[in-house]
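Accompanying notes for the structure given below.
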């Protein structure tokens, strides 16, 4: 995947590192549905963390902390 300068700037930022850590933590927690998804541009599955990091880098005006908070609510497995 080709990245633009603004996408690379986000991915290299401290905020992106914190968000990536939070996504990895969510992937390790069984209370969240973090299954990989199909990607037409790849031969294999697109991991949960990579999918959301790509989305955040594509939408620079989006508040990453709000995005993660909403993602936690949407992916939490209700029992």
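Can you show me the helix-derived [θ] at 222 nm for the chain, built from DSSP H runs with n ≥ 4 at -39,500 (n - 2.57) apiece and divided by the number of residues, rounded to the nearest 500.
Values: 4 runs with 45 residues, N = 79.
Calculated mean residue ellipticity at 222 nm is -17500 deg cm²/dmol.
Of the peptides 45-53, 3-11, how do they stack up when ordered by the mean number of other Cβ atoms within 10 Å, highest first? If you can, show how the numbers build up before the last one.
Working: 45-53: 17.7, 3-11: 13.3.
Order by mean packing, descending: 45-53, 3-11.
Angle between the Cα long axis of helix 48-58 and the longest principal axis of the chain, 0 to 90 degrees, nearest 10?
40 degrees
Could you rank the peptides 32-41, 67-76, 15-24 by their average count of other C-beta atoms within 10 Å per residue, with the highest value first? Show your work: numbers first, answer last.
Details: 32-41: 11.7, 67-76: 13.4, 15-24: 15.4.
Sorting 32-41, 67-76, 15-24 by mean packing, highest first, produces 15-24, 67-76, 32-41.
Relative contact order for the chain: what percent, with Cα pairs under 8 Å and sequence separation of 6 or more? Kindly include the intermediate steps, with their values, before the conclusion.
On the way: 57 pairs, mean separation 27.8, N = 79.
In percent, rounded to a whole number, it is 35.
Taking the chain as the reference, fit the longest principal axis to its C-alpha atoms, fit the long axis of helix 64-75 to the helix C-alpha atoms, and give the angle between the two in degrees, 0 to 90, nearest 10.
Taking Cα atoms only, the helix is inclined about 30 degrees.
Taking the alpha-carbon centroid of each part, what is the distance from the range 48-79 to the range 1-38 in angstrom?
8 Å
All of the numbers you see were taken from the coordinates with simple rules; none came from a lab. This structure is a prediction, so every number in the text was calculated from the model and none was measured. For neighbour counting, all protein chains shown are included, and Cβ atoms are generated from backbone atoms with ideal geometry for every residue, glycine included.
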